[in-house]
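For reference, the structure discussed in these notes is given below.
The values are calculated or read from the model by the stated rules, or taken from the named source; none is laboratory data. Being a predicted model, the structure only gives us computed values, none of them experimental. When we count neighbours, we look across all protein chains shown, and the Cβ atoms used for this are built from the backbone with ideal geometry, even at glycine. For the accessible areas, the whole protein counts, side chains as well, though only heavy atoms, and no ligand, DNA or RNA atoms are used. Shrake-Rupley method; radii C 1.70, N 1.55, O 1.52, S 1.80 Å.
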Amino acid sequence: TDVLAAAHAAAGNLDEARRLQHHAEPIQPDYFFTLFTTFRAMTALALEDRTQAADLYEALLPHQDGPPAGLESLSLAMQPPAQTLADLSRLLGKDPSRHQTRATELTTLWTAEAS
């Protein structure tokens, strides 16, 4: 549901993204957590859903120094949680600079590791 909702949001189908997001199940605290939380955050950002953004911010905060979202599952690597936290911070009117700095550091680290 989170992947499909994010895809609809990215395509500009905001009503469908909102409908899917409304019916989404809680994200399980397993090795897919950062992956699906990032997809859900992408939808919340597109919909400017500050309530959900605040919840997602709190959920991702313990993962701020973690690897790219999804990497733990060996399925897909997305932006690091710190980047999602920076994006959510902006929507919530918070200063994103510490998260943005950490995201840049992690992206550089993981890009160098991939080379």
Please give the helix 81-91 orientation as an angle from the longest Cα principal axis of the chain, in degrees from 0 to 90, rounded to the nearest 10. 50
With Cβ to Cβ distances under 10 Å as the rule, what net charge do the other residues near P80 carry (K, R +1; D, E -1)? -1
Using only the Cα atoms of region 1-62, what do you get for the radius of gyration and for Dmax, in Å? 10.7, 31
Could you sort 50-60, 100-110 so that the peptide with the highest average Cβ count within 10 Å comes first and the rest follow in order? 50-60, 100-110
Can you work out the accessible area per residue across the chain, with the rest of the protein chains kept in place, probe 1.4 Å, in square angstrom? 56
Report the full-extension gain for the segment Y31 to S75: residue separation times 0.36 nm, less the Cα-Cα distance, to one decimal in nm. 14.8 nm
Rounded to the nearest 20 Debye, what is the dipole magnitude of the chain about its Cα centre when Lys and Arg each give +1 and Asp and Glu each give -1 at the C-beta? 240
Estimated vicinal HN-Hα couplings, Hz - region 71-80 in sequence order (Karplus 6.51, -1.76, 1.60; Gly, Pro = x): 4, 4, 8, 6, 10, 6, 10, 10, 5, x
Segment R18-T107, extension gain: residue separation times 0.36 nm, minus the distance between their alpha carbons: 29.0 nm
Rounded to 10°, Cα long-axis angle of helix 50-60 versus longest principal axis of the chain: 30
All-pairs Cα distance distribution in the chain, expressed in whole percent, bin size 5 Å: 2, 13, 23, 23, 20, 12, 4, 1, 0
